[in-house]
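Read through the structure below, which is laid out as structure tokens, and then see the notes.
Rule-based calculations on the coordinates, nothing more; no lab input. This one's a predicted model, so the numbers in the text were calculated from it and none came from an experiment. Neighbour counts are summed over all protein chains in view; Cβ atoms, including those assigned to glycine, are modelled from backbone coordinates with ideal geometry.
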């Protein structure tokens, strides 16, 4: 363990009380290619134009993560500690806890509905809680943990599409919820990883959801849009309609798989394949690519081996099928494709990906950036940084979730009147009933 991490442990013990009073938001995007930390101070929220200022940004090459899953706890926790330390040094503050954005953990979404009778009085928060609890009581997802419980729409006496029914009158209140879940085992592993970096674990958020919050315009969310987050280890999507998240989908295929295909196809190293992909890679044909030759380092350390030389058309022939297959798989899985498509994530920056997406989805496509954080340095303002920026935006502007992230994270630690074998969503519902 590094000296810096040891110092972090000692200073956290000594400053625990002071730090707990410091309302600093820290987001960690734990990806297969990089680990990013964004820090926001309380004065970083400007409600007038709904923009944010990130006080500190830090990122390092990812270690111990493959395909959206942690494969080495020590390496992953060290990468988190380094990314957080870099952001802390820029921000001039020390953070106590972090929220982790991930596309791993077999992300899935579930729609449930609840309906309760009302009395002859205005609808109150208590009525909302009863409707939410009634909906949650129907869901059974053993071995999974709720990351988000979001109202899709409310209805009063059958009249739907109501954003906030409080103070209205009626005989029946209905709610439709979207419950986004991750594997309980992955959730616990993420928590252990963060705590090993001597940080408090403040919960998990779905990377495609927060990437969409950072990249989509409000009218896109209203009219319908799909935000596709193309990471190194996975490709995930968040579908919005009527201003709400309505579906989440994920595939365990990402930019790293394209790199591995290039390394195999050209008999070069993974590092060499990544460099070639960045410098010369494209998912669509270009002029003169048959005559244009590219050079790749050979595999191994044989000093007599010359570089691998191949036409650029061969590189395109490796990249294009993988990109097309990934987007086609995602298209076939999406139940409610939106009107527009926005690409985020590091792998979306590969030349030609947008054009392939236009062809596969047959709709307009644009590249998304963290639009609410206008003062980011160029190196941290691209599509690869949407997830970390989106965590800050969610903390500042919502959307309001039916059950708070803190309640979901601590549901197991509270009183448990339910059967101890009950799933975490049921426990969250019990916490909601008792504490709101």
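In the chain, the DSSP-assigned H stretches of four residues or longer account for a calculated mean residue ellipticity at 222 nm of -11000 deg cm²/dmol, using -39500 (n - 2.57) per stretch and the full residue count as denominator. Net length available on complete extension from residue 140 to residue 195 is 16.9 nm, with 0.36 nm assigned per residue and the Cα-Cα distance removed.
Label the range 32-162 by shape, choosing from rounded, prolate and oblate, from the square roots a ≥ b ≥ c of the eigenvalues of the Cα gyration tensor; if a/c is under 1.5 it is rounded, and otherwise prolate applies when a/b is larger than b/c, oblate when it is not. Oblate shape, in that a/c is at least 1.5 and b/c is the bigger or equal ratio. In this structure, residue 50 and residue 111 have a Cβ-Cβ separation that, at R0 = 22 Å, corresponds to a calculated FRET efficiency of about 0.20. The relative contact order of the range 218-370 comes to 28 percent, based on Cα pairs under 8 Å that sit 6 or more residues apart. Summarising the overall dimensions of the chain from its C-alpha atoms, the Rg and Dmax are 23.0, 87 angstrom. Here each label is just a point 7 Å from Cα along the line to Cβ, and for residue 291 and residue 163 those points are 5.8 nm apart. A crude spin-label estimate for the pair residue 125 and residue 61, with each label 7 Å from Cα along the Cβ direction, gives 5.0 nm.
The modelled label-to-label distance for the pair residue 279/residue 366, using points 7 Å beyond Cα in the direction of Cβ, is 3.4 nm. Packing, taken as the mean count of other beta carbons within 10 Å per residue, orders the peptides 234-240, 118-124, 380-386, 259-265 from highest to lowest as 234-240, 380-386, 259-265, 118-124. Axis angle, to the nearest 10 degrees, between helix 270-280 and the longest C-alpha principal axis of the chain: 90 degrees. For the range 218-370, the share of DSSP beta bridges that are antiparallel, to the nearest 5, is 70%.
Just need the relative contact order of the range 290-333 here, percent rounded to a whole number, with Cα pairs under 8 Å and 6+ apart.
Contact order relative to length: 35 percent.
The three principal axes of the Cα atoms in the range 266-397 give end-to-end lengths of 59, 33, 26 Å, sorted in falling order.
Using the alpha-carbon positions of the range 251-302, Rg (one decimal) and Dmax (whole number) come out as 11.9, 37 Å.
Could you sort the peptides 93-101, 276-284, 292-300, 225-233 by per-residue average Cβ neighbour count (10 Å cutoff), highest mean leading? Working shown, then result.
Working: 93-101: 21.9, 276-284: 18.9, 292-300: 15.1, 225-233: 29.2.
In descending order of packing, they fall as 225-233, 93-101, 276-284, 292-300.
Considering the chain as a Gaussian network with a 10 Å cut-off on Cα pairs, which listed residue, 288, 89, 72, attains the greatest mean-square fluctuation? Judging by the Gaussian network model, the answer is 288. Pairs of Cα atoms nearer than 8 Å and 6+ residues apart set the relative contact order; for the chain it is 18 percent.
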